[in-house]
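Colleague: Quick one: structure below, then a few questions.
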Amino acid sequence: MAVDDPDEDLVRRVGRGDPAAVQALVARKLPRMLALAQRMLNDAAEAEDVAQEAMLRAWRQAPSWRPGQAKFDTWLHRVGLNLCYDRLRRRREIATDAPPDRPDEGPAPDRGMLAADVGRRVQAALSVLPDRQREALVLCHYQELTNIEAARLMSVSVEALESLLSRGRRALRQALADLAPGAEGSGL
């Protein structure tokens, strides 16, 4: 089954060494790779490293890219996710003497701070989800992939993806229940 790939011509031009195509590919894909890595790793410096490494691999892969089997964007997301999982595995292997810092979950002093606090709370809740649930939510909600694209990328059925999304959403709702309108002490 041939896949219609909107990046096919651009990747072909990158593979031929076209500097304008390289610049266009980076402009088109780097922000999404950075967002993906930031949400998966919750660390800006590591996210930048992952995004840059993913773009470097895309540039190296471009000359031998064979269109038709999968979208280039899907392949690039898989590379980014694999790089994130490599870093997450290394984190687990490092023993520390002190527990990690926890974000202050108290109410923000003003509305501007409240939005930042909610964002941090959502990111913290997302970061403690099981890897596959977090991956499904990030791909569908933040990276805006369709369920079919995300399922293909994760090598699961659409039904399995929907189950991961459902469990992830339920866990986020429970973790963030105090932020719901009408919740006592939510400040909303």
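The values are calculated or read from the model by the stated rules, or taken from the named source; none is laboratory data. Quick caveat, the model's predicted, so the values are computed rather than measured. A quick note on method: Cβ atoms are made from the backbone with ideal geometry, for glycine too, and the neighbour counts reach across all protein chains shown. Accessible surface areas use protein heavy atoms only, side chains included; no ligands, DNA or RNA. Shrake-Rupley method; radii C 1.70, N 1.55, O 1.52, S 1.80 Å.
Colleague: Taking N as the number of residues in segment 1-90, what is its alpha-carbon radius of gyration divided by 2.2 N^0.38 Å?
Modeller: After normalising by residue count via 2.2 N^0.38 Å, the value is 1.08.
Colleague: If packing is taken as the average count of other Cβ atoms within 10 Å, what order do 19-25, 45-51 fall into, highest mean first?
Modeller: Details: 19-25: 14.6, 45-51: 18.3.
The packing order, highest mean first, is 45-51, 19-25.
Colleague: So, for segment 1-95, what is the accessible surface per residue at a probe of 1.4 Å, expressed in square angstrom?
Modeller: Values: 5400 Å² over 95 residues.
Per residue, segment 1-95 has an accessible area of 57 Å².
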